[in-house]
1. In the range 134-173, which residue that is outside any helix (DSSP H, G or I), in contact with a strand residue (DSSP E or B) (Cβ under 6 Å, 6 or more places away or on another chain) and modelled with pLDDT of 95 or more is nearest to residue 37 (Cα to Cα)?
2. Hey, could you check the range 23-40 for residues that are without any contact (Cβ under 8 Å) to a residue 40 or more places away in the chain and in a helix (DSSP H, G or I) and say which is farthest from residue 197 (Cα to Cα)?
3. Within the range 88-133, work out how many residues are over 15 Å from residue 176 (Cα atoms) and in a helix (DSSP H, G or I).
4. For the list (1) in contact (Cβ under 8 Å) with a residue 40 or more places away in the chain; (2) within 25 Å of residue 160 (Cβ to Cβ); (3) in contact with a helix residue (DSSP H, G or I) (Cβ under 7 Å, 6 or more places away or on another chain); (4) surrounded by 15 or more Cβ atoms within 10 Å (Cβ to Cβ), I need the number of the one condition that residue 54 fails.
5. For the range 66-84, enumerate the residues that are out of contact with any helix residue (DSSP H, G or I) (no Cβ under 9 Å at 6 or more places or on another chain) and either part of a strand (DSSP E or B) or surrounded by fewer than 17 Cβ atoms within 10 Å (Cβ to Cβ) (or both).
6. Assess whether residue 117 counts as being farther than 15 Å from residue 4 by Cα and surrounded by fewer than 14 Cβ atoms within 10 Å (Cβ to Cβ).
């Protein structure tokens, strides 16, 4: 039995605005997303059983509606009565003053400020690029933030010998997995996450992290970088 495991669960499908980075969009799940969360609950229980770990009573979530609603649906399905703790540190990469603007609007803003020439063509997916705007983060920044929150949760001995569900966002989770040594650099772009299906990472006695259950989603051109 592993000492500690996290079920990293990307939010289900939500009402994302077209051509707009997810960032801190406030919209709820779609009907399809609600159904995905129900299916995800069954997968979560199956993984806990397979690993021989009880589900922790305390669940953690990004406060953004798409993650919160995914967690709430799963909790109802699994009849969980413990607390759901919201952590700002689990939110998706923030774009600062450009949060929730469309890609065209962000690029127009950068052009008006004379900053567009220095912006990578694939800026939205560039792990190390940070928009030159107040409050903006890079994907690596967001991953470090999420990884640190996971380590803080792991330090609480009450979470040991359990499977701790954590609800958040695909890009931030993947970059956190890199910071924890679970993913290689090349795999950050190679993979996405399935909506509402857990990827389980566990810490061994030496403090090292590894993936022990669940599957990352292989990216295609059609599914690139919607998270």
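The values are calculated or read from the model by the stated rules, or taken from the named source; none is laboratory data. The structure presented is a predicted model; accordingly, all values stated were derived computationally and were not measured. No Cβ is skipped: glycine too gets one built from the backbone with ideal geometry, and neighbour counts run over all protein chains shown.
1. Applying the filter and picking the extreme gives 167.
2. This residue is 31.
3. 16
4. Residue 54 satisfies all of (1) in contact (Cβ under 8 Å) with a residue 40 or more places away in the chain; (2) within 25 Å of residue 160 (Cβ to Cβ); (3) in contact with a helix residue (DSSP H, G or I) (Cβ under 7 Å, 6 or more places away or on another chain); (4) surrounded by 15 or more Cβ atoms within 10 Å (Cβ to Cβ) except (4).
5. Result: 79, 83.
6. yes
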